[in-house]
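**Q** Quick one: structure below, then a few questions.
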């Protein structure tokens, strides 16, 4: 069996994350960048905030928009972790996300478990 290249894995992760955000959050990020580093994967999403968050921000409810994003991140993390593990065939030790509602960007850091 031929092992996929790092580039192929990065593309597959980007595609699956984009689909996950679209299906689960109703938001299709405009761009996703994914890079592997030794035991980490870094994923950047452009235009990742939902229409509800956008509406809350425009209405002056920044704190509520932050709370909504916090809950959305908590809800989607297990599925992100599972998706990435299925693609790379290795366990994920930790997955951290942060969304900046002003820039509308989300950053995801994936720490891979060392497999010795």
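The values are calculated or read from the model by the stated rules, or taken from the named source; none is laboratory data. This structure is a prediction, so every number in the text was calculated from the model and none was measured. Virtual Cβ from ideal backbone geometry, glycine too; neighbours counted across all protein chains shown.
**Q** Can you say whether residue 67 is surrounded by fewer than 17 Cβ atoms within 10 Å (Cβ to Cβ), assigned to a helix (DSSP H, G or I) and in contact with a helix residue (DSSP H, G or I) (Cβ under 7 Å, 6 or more places away or on another chain), as far as the supplied structure shows?
**A** No.
**Q** Looking only at the stretch 43-64, filter to residues that are free of Cβ contacts under 8 Å to residues at least 60 places away in the same chain and not in a helix (DSSP H, G or I); which one of those is surrounded by the most Cβ atoms within 10 Å (Cβ to Cβ)? Break it down stepwise before answering.
**A** Kept after step one, since they are free of Cβ contacts under 8 Å to residues at least 60 places away in the same chain, are these residues of the stretch 43-64: 46-64.
Still in the running and not in a helix (DSSP H, G or I): 46-50, 59-61.
Details: 46: 13, 47: 14, 48: 29, 49: 25, 50: 16, 59: 10, 60: 9, 61: 14.
Among them, the one singled out is 48.
**Q** Here is a follow-up. Can you tell me how many residues within the stretch 19-37 are buried (at least 18 other Cβ atoms within 10 Å of the Cβ) and modelled with pLDDT of 95 or more?
**A** 4
**Q** Counting just the residues of the stretch 92-107 that are in contact with a helix residue (DSSP H, G or I) (Cβ under 6 Å, 6 or more places away or on another chain) and in contact (Cβ under 8 Å) with a residue 24 or more places away in the chain, which one comes out nearest to residue 10 (Cα to Cα)?
**A** The qualifying residue nearest to residue 10 (Cα to Cα) is 97.
**Q** May I pose another question? From the list 10, 40, which residue is more than 20 Å from residue 104 (Cα to Cα), at pLDDT 95 or above, more than 11 Å from the chain's Cα centre (by Cα) and crowded, with 19+ Cβ neighbours inside 10 Å? Walk me through it before giving the result.
**A** Details: 40 fails: crowded, with 19+ Cβ neighbours inside 10 Å.
Criteria check complete, one pass: 10.
**Q** Considering the stretch 18-39 alone, what residues qualify as being touching a strand residue (DSSP E or B) at 6+ places or on another chain (Cβ under 6 Å) and either in contact (Cβ under 8 Å) with a residue 40 or more places away in the chain or not in a helix (DSSP H, G or I) (or both)?
**A** 29, 30, 31, 32, 33, 34, 35, 39
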